[in-house]
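Contents: one structure, followed by commentary.
What follows draws every value from the coordinates through simple rules; no lab data is involved. Just so it is clear, the structure is predicted and the values come from calculations on it, not from any experiment. Glycine also receives a Cβ, built like all others from the backbone with ideal geometry; neighbour counts cover every protein chain displayed.
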């Protein structure tokens, strides 16, 4: 045994070298997820101090019947469906703009990077001020344009939702743009030159060359953006705290509230497992699509 | 040269002798956040250390709000951590912590609850006794007050209103007279923050109704709760409260009152010093404090806050800790905190103490407000109770829910928690 360790075969050496990484993964990925799933079968409320009590699948039955869960799931899916394509369109526009032959490239690149570098909660707080009924710049502009009654942006469910989606699109489109810009720069100039010789218009070049050549970058950007959209927390939390009522509460916020504010770790874990399954489902869908494209 | 060494040597030797002569006990205290003035508590601890050489007190401070502190302490106490001996906790917490078995019952150290708690203001005597056991002792009090512009009421020759309807009429008259479109009649907190729990409870209690019985079971009167919320909405319609009240947080009320844009404002006790002392306050010397108005046929009632000292059930120095808690809850300590930091006393007698009145003249009136005060629902799941009440109240004030819908929702959501 010791001899084999001292002079390992190729196979043993491979396993030995993999072991640290595997152990690390076990510790920081497998164990927490396993513990989460384990906790989801318990009534584990820290407010009571009573200790965990096994309840089987009762938590999952409760989740299924919980209107707050379905409301949060609906909001999360809606935010994803609106902000992911939104950020893609805006991001593509920004990327095309940044790809123009400027004499100085860095100011454009910097402008692209800034919103991305800003912490999410900062963006949320800044936009909460923008949309504030009395002190906000949005209502100030509207008043100058002739609106006589200020709009209570963050106090009306529809408007609050719109404001949050706009903020998320603003915040995330620069990330989209960065990935797409990298993709744009990989497209050989010769393709456009050949198209020009053939008499293709700018519009035709965009649809026939740019978009197909950019597809791999678009898919990568979409995957990343969709996964983070499903986890949306910071921006609605800082802008509305889920309000008015729970009209803008997302799944991540519901989990946070249940676990941290209500100290109900068991039920919070169950909600987190449900969200994990949802993410897995969406990621699986993308991966299958990519598999087919490749 | 030798003499320079002599003094430290003697000091060192003396130190060694002291530590060996007295068994040194180190007590670790969680002393709240900056608003709970750990600096003043430190001074009291120093006095105690000087009088009790065998005790050394270390303090630890925590999050800025009651919610953040509760999250931290719940984690520590769930882990049965023995590192902290004494906790300063919000008045909404003794029921939860004691129910969970996290606090040491103090009867054995202090005596019979009825005798021990008698000198304190009734609301604190009640909130700190759980199931016949002393769960904690009051550190200092706080309450929601009705601040008003004395100068404006005098200008229009109007008396202090006694009911909410009178208050609305008074505010309206001043608003019309001043012709200032930015002048609000009344400022309350409608954002989904802890203050909104009181916004819900004030007009409800004002009708003589109770939210829960002594055992913590919910006794919500739906009709009265709906009337209470309609009361606020009526004032919004009348232009007394501003339309975006569901966006108003505690500091907004303070800042707008300071800027002279508010006639009546409901806020915690700390606001008084802000109005009086802040450089940007335009209302210095123009502020009065009065009891909260009542609903028709009801009586005035306010929301009480305040902080308590409790001994951890996991402490390894319980007798020493109980002795320190007893010291921190004496009239002398209460007076010190009142004079040095305008922290409100938990003894009625201290409010009228000559030195206290000299330092904080408005405490003379404050005593009556605190005596009429009530504590928020006591529940081991207060985090959830509070969240449900404030979120729903805010949604009703934002007019995304009808008052009766909101009340039904509060009842349905809390039925499981408060039983």
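Annotations
- 0 to 90° range, to nearest 10: angle between helix B:38-51 axis and chain B longest Cα axis: 30
- Peptide ranges A:182-189, A:221-228 listed from the most packed, as the mean C-beta count within 10 angstrom indicates: A:221-228, A:182-189
- Cα centroid of the range B:312-336 to Cα centroid of the range B:202-220, whole Å: 32
- Inter-label distance, nm, simple model (7 Å from Cα along the C-beta direction), residue A:118/residue A:57: 4.6
- Stretchable slack from residue B:34 to residue B:233, in nm (0.36 nm times residue separation minus alpha-carbon distance): 68.1 nm
- Mean separation of Cα contacts under 8 Å (6+ apart) over length of chain A, as relative contact order %: 29
- Ranked A:203, A:70, B:164, B:362, criterion: other C-beta atoms within 10 Å, fewest first: A:203, A:70, B:362, B:164
- What separates the Cα centres of the range B:272-296 and the range B:65-117 is a distance of 33 Å.
- Three semi-axes describe the equivalent ellipsoid of the range B:245-381; taken as square roots of 5 times the Cα gyration tensor eigenvalues and ordered largest first, they are 30, 20, 16 Å.
- Intensity falloff of the range B:27-166 expressed as log10 I(q)/I(0), Debye formula with alpha-carbon point scatterers, at q = 0.09, 0.17 Å⁻¹: -0.39, -1.03
- With R₀ fixed at 41 Å, the C-beta to C-beta distance from residue B:162 to residue B:279 puts the FRET efficiency at about 0.75.
- In the range A:106-224 the Cα-Cα distances spread across 10 Å bins starting at 0 as 12, 28, 25, 20, 13, 2 percent of all pairs.
- Reduced Cα scattering model of chain B, Debye log10 I(q)/I(0), q = 0.11, 0.13 Å⁻¹: -0.84, -1.12
- Cα pair distances in the range B:329-419, grouped into 5 Å bins until the bin that holds the longest one, percent each: 2, 13, 17, 12, 9, 9, 12, 13, 10, 4, 0
- The range A:1-116 - percent relative contact order, Cα under 8 Å, separation 6 or more: 10
- For B:155, B:133, order by how many other beta-carbon atoms lie within 10 Å, fewest first: B:155, B:133
- Exposure proxy for B:374, B:173: other Cβ atoms within 10 Å of each Cβ, ordered fewest to most, give B:173, B:374.
- Mean shadow area of the range A:169-219 over all directions, Cα convex hull, nm²: 3.8
- Average partner coverage of A:243-256, which counts Cβ from other chains inside 10 Å: 3
- FRET efficiency estimate (nearest 0.05) - Cβ-Cβ, residue A:38 to residue A:283, R0 22 angstrom: 0.45
- Note on the protein assembly as shown: Rg/Rh from C-alpha atoms, Kirkwood Rh, equals 1.05.
- Averaged over peptide B:132-143, the number of partner chain Cβ atoms lying within 10 Å of each residue's Cβ comes to 0.
- For the range A:241-282, pairs of C-alpha atoms spaced more than 15 angstrom apart make up 44 percent of the total.
- Mean residue ellipticity at 222 nm, helices only, the protein assembly as shown: -17500 deg cm²/dmol; runs of at least 4 DSSP H residues each add -39,500 (n - 2.57), and the sum is divided by the number of residues.
- Eigen-decomposition of the gyration tensor built on the alpha-carbon atoms of the range A:66-293 gives equivalent ellipsoid semi-axes of 36, 25, 14 angstrom, largest listed first.
- Within the listed set A:42, A:22, A:69, the Gaussian network model of chain A (springs between alpha-carbon atoms below 10 Å) gives the highest mean-square fluctuation for A:22.
- Stretchable slack from residue B:179 to residue B:411, in nm (0.36 nm times residue separation minus alpha-carbon distance): 79.3 nm
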